Amino acid sequence: MAILPFDQLVQRIFFNLAYVNINITEACLEDFETLLKGSAEAHGHLCPGQVIGVRMAMLGCELIGLEEPAQLPQIKSLIVYVEIDRCATDAIAFVTGARLGRRSLKFVNNGIMAATFVNLDNGKAFRIRARDTSREQVSSYAPDLPDKHEQQLAAYQKMPRHVLFEVQAVAVDVPYSDLPGPTRFKSKCESCGVIIRDKRELYKNDQVLCRICAGDSYFKGRS
């Protein structure tokens, strides 16, 4: 399979997109193109997951009423829960400005191509999931592209939202300890003495423990 240079690939995909009515305004399309190109550059490559992530983030922010989520003051109003650590998550972070370090990006390891967008100001929240059936329909939206990878890149841009996504209005009770901002809660592990932030301590045998001392660690020590 021949691999096109990044700029040529982007141009080819957008060339195919230009001839399809995708039911969004020209202004939104320009914004989409800009966001997709910027997201792909930040991520390191253009892939179907980038297309899905950019479109998912744009739709999510639209549904909860944020037009400039990555800019002040709206950046303080958004929390995004992502359910997979794949390419789409980088695209969602790029579009929304949500970051782990800002505590506005939450990772829930469900292994599902889905994300929930929460507006802390108005309480609106929507979970958007990429439909598994959309992969089976790519040839219908990009029949002239023989390569499966390019088909997905083009088709996921052309698919109507209802074909690509399942959208559900939800309620998300964001714990006070999970909100963005300065550390509000601290405790001390009674075993090793480490400071534990944001109510991540565990209680075992009437002791306050960090997860490592409680035996809930992702690593094992080496002698």
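For helix 6-17, report the angle its Cα long axis makes with the longest principal axis of the Cα atoms of the chain; keep it between 0 and 90° and round to the nearest 10°. The answer is roughly 60 degrees. What the phi angles of segment 76-90 give under the Karplus curve with 6.51, -1.76 and 1.60, with θ = phi - 60°, is a coupling list of 8, 9, 10, 10, 10, 9, 9, 10, 7, 9, 10, 4, 4, 5, 5 Hz, glycine and proline written as x. In percent, rounded to a whole number, the relative contact order of the chain is 16, using alpha-carbon pairs under 8 Å and six or more apart. Projecting the Cα atoms of Tyr176, Leu100, Leu145 onto the charge dipole of the chain, computed from C-beta unit charges around the Cα centre, puts Tyr176 farthest toward the positive end.
What list of ³J(HN,Hα) values in whole Hz, one per residue of segment 181-186 in order, does the Karplus curve 6.51 cos²θ - 1.76 cosθ + 1.60 (θ = phi - 60°) give from phi, with Gly and Pro shown as x? Result, rounded to whole Hz: x, x, 5, 9, 9, 9.
With the simple model of a label 7 Å out from the Cα in the direction of the Cβ, Asp31 to Arg197 spans 3.3 nm.
With neighbours defined as other Cβ atoms within 10 Å of a residue's Cβ, the residues Ile52, Ile64 order from fewest to most as Ile64, Ile52. Comparing Val172, Val208, Val118, which has the greatest mean-square fluctuation in the GNM of the chain with Cα pairs linked when under 10 Å apart? It is Val208.
By the rule of a C-alpha distance below 14 Å, with chain neighbours fewer than 8 residues away ignored, the aspartates and glutamates paired with Lys199 are Asp178.
A Gaussian network model of the chain, with springs between Cα atoms under 10 Å, assigns the largest mean-square fluctuation among Asn110, Asn205, Asn122 to Asn205. Our summary gives segment 147-219 a relative contact order of 18 percent, counting only alpha carbon pairs under 8 angstrom and 6 or more residues apart. Among Lys124, Lys186, Lys158, which one shows the highest mean-square fluctuation when the chain is modelled as a Gaussian network with alpha-carbon springs under 10 Å? Looking only at Lys124, Lys186, Lys158, the largest GNM fluctuation is found for Lys186.
Suppose R0 equals 45 Å; then what is the FRET efficiency for Gln207 and Asn122 from their Cβ-Cβ distance, rounded to the nearest 0.05?
On the way: r = 41 Å, r/R0 = 0.92.
About 0.65, to the nearest 0.05.
Charge dipole (Cα centre; +1 on Lys/Arg Cβ, -1 on Asp/Glu Cβ; no other charges) of the chain amounts to roughly 1000 debye.
No lab work stands behind these numbers, since they all come straight from the coordinates. Remember, it's a predicted structure, so these values are computed and weren't measured experimentally. No Cβ is skipped: glycine too gets one built from the backbone with ideal geometry, and neighbour counts run over all protein chains shown.
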